[in-house]
1. For the chain, modelled as a GNM with alpha-carbon contacts under 10 angstrom, which of 57, 118, 37 fluctuates the most?
2. Between residue 111 and residue 28, what is the label-point separation in nm under the 7 Å Cα-to-beta-carbon projection?
3. When you count, for each residue, the other Cβ atoms within 10 Å and take the mean per peptide, how do 67-74, 82-89, 124-131 rank with the highest first?
4. Among rounded, prolate and oblate, which fits segment 81-139 when a ≥ b ≥ c are the square roots of the eigenvalues of its C-alpha gyration tensor, a/c under 1.5 means rounded, and a/b larger than b/c means prolate?
5. Report, to two decimal places, the Cα Rg of the chain normalised by 2.2 N^0.38 Å (N = number of residues).
6. According to a simple spin-label model (label point 7 Å from Cα along Cα-to-Cβ), what is the distance in nm between residue 99 and residue 47?
7. Per DSSP helix of 4 or more residues, -39500 (n - 2.57); summed, then divided by the residues of the chain. What does that give at 222 nm, rounded to the nearest 500?
8. Considering Cα pairs under 8 angstrom that are at least six residues apart, work out the relative contact order of the chain and quote it in whole percent.
Ligand SMILES: [Zn+2]
Ligand SMILES: [Zn+2]
């Protein structure tokens, strides 16, 4: 995973390596705070390095509307294309993969819609906002 970083593109410092290892073993997108804890990196360093890794396209920022989360970019991740369920209350983000039928339907519809605007599709993001199991009863 980490070896895919082209040499010279972004230097793989100890902190970046630790953050990438933490992202690699995470089972869901994590906040900078959670990643700093998991990687044993200072929070300020985690923020800076995650922003740089995101700018380099190695890490994907997941915008929740609250505190952003981070995950490995799909091309560097073991579980490739997926979508997100986000809790608007506590901000937890869960990965999910639609059925192959729904995924094909989304791709086809998105491509048709984009084509009407003269746009060639590179990828799509389809995230769902709601209330998680823990937050639902408190509403
Ligand atoms: Zn929640
Ligand atoms: Zn999809």
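1. The residue that fluctuates most here is 118.
2. Roughly 3.3 nm, to one decimal.
3. On the way: 67-74: 18.6, 82-89: 17.1, 124-131: 12.1.
Peptide ranking by packing, descending: 67-74, 82-89, 124-131.
4. Values: a/c = 3.30, a/b = 2.45, b/c = 1.35.
Cα axes put segment 81-139 in the prolate bin.
5. That ratio works out to 1.16.
6. Result for the modelled spin labels: 4.4 nm.
7. Numbers: 4 runs with 50 residues, N = 139.
After summing the helix terms and dividing by residue count, I get -11500 deg cm²/dmol.
8. It rounds to 19 percent for the chain.
Just so you know, all these numbers are worked out from the coordinates, no wet-lab data involved. Note that the structure is a prediction, hence the values are computed from the model and not measured. Here Cβ is always computed from backbone atoms with ideal geometry, including for glycine, and neighbour counts include all displayed protein chains.
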